[in-house]
Amino acid sequence: MRKPIFIVQKHQASHLHYDFRLEIGGLLKSWAIPKGPSLDPAVKRLAIEVEDHALAYADFEGVIEEGGYGAGPVLVWDRGWFEPLPGHTGALSAAEMLQDGVLDVRLHGRRLNGGFSLVRLKGPPGQWLLIKPHDDAARPGSDITVEQQNSVLTGRSIEELAEEAVAGTLATYRCQR
Ligand code: MN
């Protein structure tokens, strides 16, 4: 069976954010993380639940046109596959953990690896924290979004995508799976 994918897209809309997406139930469950993911276990990042995306959107890299929702450049910042880790609540599948509000996964990406926990906050609906547990892939004190700023697919930066769009030379990238 094909392994479920994860994708992180860096998206310069009205505010820069990172869209963290997990393939669950045939869709990409999605969270917008304003500051991006971290490999530092001391750093907890706010992750705001956003609308599901179709799987076909997973490797989209290009520029969303003015007037479209989220207009601005999008690059694929990381990609790979993930496995759900049996949850604290006894839930076994990613869908069950999502429901329970504690989603533990192991990521196998180029930049993000090892365990990650998404924990739903009590209070305002749709707000979660993304937390890196202490494990072999943890890098205390690091800031991966500073170390790695460009596309993992094409090496392009957000600025380069925007310039290509203005120049009319933009190559929109969609990976074949
Ligand atoms: Mn977005």
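Readers should treat all values here as calculations from the given coordinates under stated rules, not as data from a laboratory. Keep in mind that this is a model prediction, so the values were computed, not measured. When we count neighbours, we look across all protein chains shown, and the Cβ atoms used for this are built from the backbone with ideal geometry, even at glycine.
Annotation: the antiparallel percentage among DSSP beta bridges lying fully within the chain is about 100.
Dividing the C-alpha radius of gyration of the range 80-177 by 2.2 N^0.38 Å, with N its residue count, gives 1.38.
Return a whole-number percent for the relative contact order of the chain, with Cα pairs under 8 Å and 6 or more residues apart as the contact set. Write down the numbers at each step before the final one.
On the way: 395 pairs, mean separation 42.7, N = 177.
Averaging sequence separation for qualifying contacts and normalising by length gives 24 percent for the chain.
A simple charge model with +1 on the Cβ of Lys and Arg, -1 on the Cβ of Asp and Glu and nothing else charged puts the dipole of the range 57-177 at about 360 debye relative to its Cα centre.
By the Kirkwood approach, averaging reciprocal distances over each pair of separate Cα atoms, the range 5-167 gets a hydrodynamic radius of 16.0 Å.
The spacing between the range 135-177 and the range 1-60, judged by their C-alpha centroids, is 14 Å. In the chain, taking the dipole from charged Cβ atoms about the Cα centre, the farthest positive-side position among LEU118, ILE144, HIS134 is held by HIS134.
For the chain, take the longest principal axis of its alpha carbons; what is the angle in degrees between that and the long axis of helix 158-167, to the nearest 10 within 0 to 90? Relative to the chain, helix 158-167 is tipped by roughly 30 degrees. Would you be so kind as to identify which of TRP31, VAL8, TRP81 lies farthest towards the positive end of the dipole of the chain, taking Lys and Arg as +1 and Asp and Glu as -1 on Cβ and the Cα centre as origin? In the chain, that residue is TRP81.
Per-residue ellipticity at 222 nm from helix content only, as computed over the chain with -39500 (n - 2.57) for each DSSP H run of at least four residues, stands at -3000 deg cm²/dmol. The Rg/Rh ratio of the range 48-92, with Rg taken over Cα atoms and Rh as the Kirkwood radius over Cα pairs, comes to 1.12.
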